[in-house]
Each structure stands twice: as structure tokens, then as C-alpha cells.
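Have a look at the structure below, then the notes.
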Amino acid sequence: MKAYEIRDGFGLDKLVSCERPDPTPGPFQVRVRVKATSLNQRDLMMVEGRYNPRQKLPLIPNSDGAGVVDAVGPGVTRVKPGDRVMGLFSQAWMGGEPSRAAQTSTLGGPLDGALADTMVLHEDGVIATPAYLSDEEAATLPCAALTAWSALVTYGGVKAGDTVLVQGTGGVSIFGLQIARMLGARVILTSSRDDKLEKARALGAHELINYVTTPDWDKAARALTGGVGVDHVVEVGGAGTFEKSLRAVRIGGTVSVIGVLSGGAGTVPLTPVLMQNLRVQGILVGHRQGFEALNRALTLHGVHPVVDRVFPFAEARAAFEYLKSGAHFGKVVIRVG
Ligand SMILES: NC(=O)c1ccc[n+]([C@@H]2O[C@H](COP(=O)([O-])OP(=O)(O)OC[C@H]3O[C@@H](n4cnc5c(N)ncnc54)[C@H](OP(=O)(O)O)[C@@H]3O)[C@@H](O)[C@H]2O)c1
């Protein structure tokens, strides 16, 4: 099989193509011929050694892959050769509460991931690809889409008429926009670039704020809700945005803590959290049950993921550099098969 692995240390320079023996699926395992993989900030951080500097190497990066089952081991009943599937981000989180096993069974670190033409996974660790999606589109779902779904639906309880604020126009946030629209919510979206704001408007965002030219975007968001505050913030900015998110949300509202794009450390003002009865909910992607519900909803509404660019397998490094540049809108994908 062909793959990329992080070898001999971290950094994009250490991401090298390699050949490994073609794996045979064991009991309850399935072999997936990967057709496409998408990139998440986590994958870039993993390659650069910023996610887990103690990660054992070599490692095949990337949590998200979609492809076709071509062989199954003894005892497999959930899938058969020819089925189109996606890998679960967390191989051991089927539903309910998260666990240590759920946290430590994630693809693309610590387990080998999807930047390869072949993956062998437990049959429980794959999920059927919605028939109407291409493999490139499906490869965007396991991390970013499920994270937005967990934030807004599994833990968020967002309902029609609510106002949701999403930050930026990366993978999680654009899925946040699409899912919030599906739920019948009003969406306020922030971005550093006016051209991206226009693209978001075309996707259905109701209100747009440039967070560079309007640094007090929290006040602008409050003003857009008549001074009340938004019901839910999809918080991906981290240290540089969290405090403003607390100010943008209404009394009793929810801030879903998802990302740390501007840093993961900082002081947390506790008084507004308690005085405003806020709910600050940490999100770590999500479980298979949530993924199944997400797929049903996407299928029912015919929603297509927003794929910004598709890179060939040979240009994996360029794909990571493109993600790092922040020029993308939605998802960056690598075609594998
Ligand atoms: N907890 C989880 O389960 C989970 C799952 C997935 C991702 N994440 C995390 O969530 C974050 C976003 O991930 P992603 O894959 O969606 O990233 P991404 O696709 O690379 O999105 C990056 C975009 O975020 C926006 N952004 C950057 N800095 C910002 C800031 N200070 N304030 C507001 N927006 C900012 C920018 O949008 P504009 O160019 O429009 O300004 C940028 O293009 C990352 O920190 C990632 O690690 C966490």
C-alpha cells in the first residue's frame, strides 16, 4: 500500500511518501481502499508536532477518509466488499458519554490515519457513505461536520428561530452554518475577509461581520439581536475570541468550545459565566450515533459539503500548506484512489 508517514521527527519536511505491505483484515476487520481524505487543523498540528509532541512515529496522519470496502475478515456482518464507507474519527465511541477509550482511539494519531490508499479498521469503526455524496465530499464529514453537529444538535439543542454565531469560514464553521440553516436557525458569521463573507451569504448566512474591521464583533452580534445576545456560539478562535464569545451570547445561552486557532491558554472570566447562567460546553468531535443522525439530516436536506480545493495524492504537502495559509473556504481535500 501507498501512504505518507511522519517519520524521523515533526514538520511538513518530515512528511514522506512510503510503501507498506498490503494489510489483510483480521477477525471483525474491514479493508478500505481510500479514495479521498480531507484535512483538518488537527492533522496539520499533528504533522508539525504541535498536537502531541509525544506521538509515536512513524504515523500515517489524517483522521478523515472515505473509500470502498474491498475485503472483510472473519465475523464481519456490518459491511461487505463494494460498500462505500467513511472511517470514524474515534474508533471506539459508538454513542453515549465519551470515555478514555474514545479519546485514545482516534485516527491520524495515535492510530494510523487516512493519508494512505488503504486502511484496515474494525467493522464498528466505519459508517456508510450517503449515496448522493462523492468520495471527496464524504471525506470531509468524519471530523469537521460531526463536530459542528455535536455542538449544535447532540449537545446544543439548537431549534428553529434560534440565532447561532459561527466564527470564520473554515471546515467546522461552514458545516456549522449549513447545519444551523438546516435546523431553521438564524446565522451570524464572522470572517477576516469580505470576499469570504460574500461566499457565506450565498450559502445562506443571514448576518455577516468582518472581525478585522469590526474587532468588537461581539457587540455587533449583540446589536443584531436587539441587545439580547445570540443563543449559541460555535467557538473555534480560542484564547483570542473566547471572552468575546461570552459577551456575544444571551443569558442562559451556550458557547461550544471547539477550537484554539488563536491559542489554547488564557484567563477565563468566570463572573459572566455564572451571572449570565451561561453554558460552556467542550466538544470533542462526536460518536457514531451522532454521525448516523448527521448523515440522515444531510441526506434529507440534500446538503453538499463545501469543498474548496482537491489536491492529487502526490501533492499532499501542498495541500497542508494551503490549509496553513488560511486561504481556504470550507474544506481542503486530497484525492487518493
Ligand atoms: N474539538 C473538536 O472536536 C474539534 C474538531 C475540529 C476542529 N477543531 C478545532 O477547531 C478549529 C477550527 O478547525 P477547522 O478544521 O475548521 O479549521 P480551518 O478549516 O483551518 O479554519 C480556519 C479558519 O478559521 C478562521 N479563524 C482563524 N483564526 C480566527 C480567529 N482568531 N477568530 C475567528 N476566526 C478565526 C479563519 O476564517 P476566515 O479566513 O474566514 O477569517 C480561518 O480560515 C481548530 O482549532 C481545530 O483544531 C476542534
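The values are calculated or read from the model by the stated rules, or taken from the named source; none is laboratory data. Computed from a prediction, not measured in an experiment: that's the story for all the values here. We place every Cβ from the backbone using ideal geometry, glycine too, and count neighbours over all the protein chains shown. Side chains included, ligands, DNA and RNA excluded: accessible areas come from the protein's heavy atoms. Shrake-Rupley method; radii C 1.70, N 1.55, O 1.52, S 1.80 Å.
Below are the figures for this structure:
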item: 19 Å Cα-Cα threshold exceeded, pairs from K56/K324; K35/K331; K196/K324; K35/K196; K196/K219; K2/K35; result: K56/K324; K35/K196; K196/K219
item: Length-normalised contact order of the chain in % [C-alpha pairs under 8 Å, at least 6 apart]; result: 18 percent
item: Percent accessible area from carbon and sulfur atoms, region 156-282, protein chains only, probe 1.4 Å; result: 56 percent
item: Relative contact order (percent, whole number), region 1-142, Cα cutoff 8 Å, 6+ residue spacing; result: 32 percent
item: Spacing of the two label points (7 Å from each Cα toward its C-beta) at R193 and A223, in nm; result: 2.6 nm
item: The chain - accessible surface per residue (Å², probe 1.4 Å); result: 41 Å²
item: Highest average packing first - 119-125, 49-55, Cβ atoms within 10 Å; result: 119-125, 49-55
item: Dipole in debye (nearest 20) - the chain, about Cα centre, beta carbon charges: Lys, Arg +1; Asp, Glu -1; result: 400 debye
item: Additional length obtainable on full extension of the chain from Q289 to A318, 0.36 nm per residue less Cα span; result: 7.0 nm
item: 14 Å beta-carbon shell around R50, net charge (K/R +1, D/E -1); result: +2
item: Gap separating the Cα centres of region 1-75 and region 265-337, nearest whole Å; result: 19 Å
item: In range of the label at R33: residues from region 77-100 whose backbone nitrogen is under 16 Å from the point 7 Å along Cα→Cβ; result: 80-86
item: For region 156-282: relative contact order, % (alpha-carbon pairs under 8 angstrom, 6 or more apart); result: 20 percent
item: Protection proxy ranking, peptides 175-183, 163-171, average beta carbon neighbours within 10 Å, highest first; result: 163-171, 175-183
item: R0 of 30 Å, Cβ-Cβ distance R201-S99: FRET efficiency to nearest 0.05; result: 0.15
item: Check: region 156-282 dipole with +1 on Lys, Arg Cβ and -1 on Asp, Glu Cβ, in debye; result: 180 debye
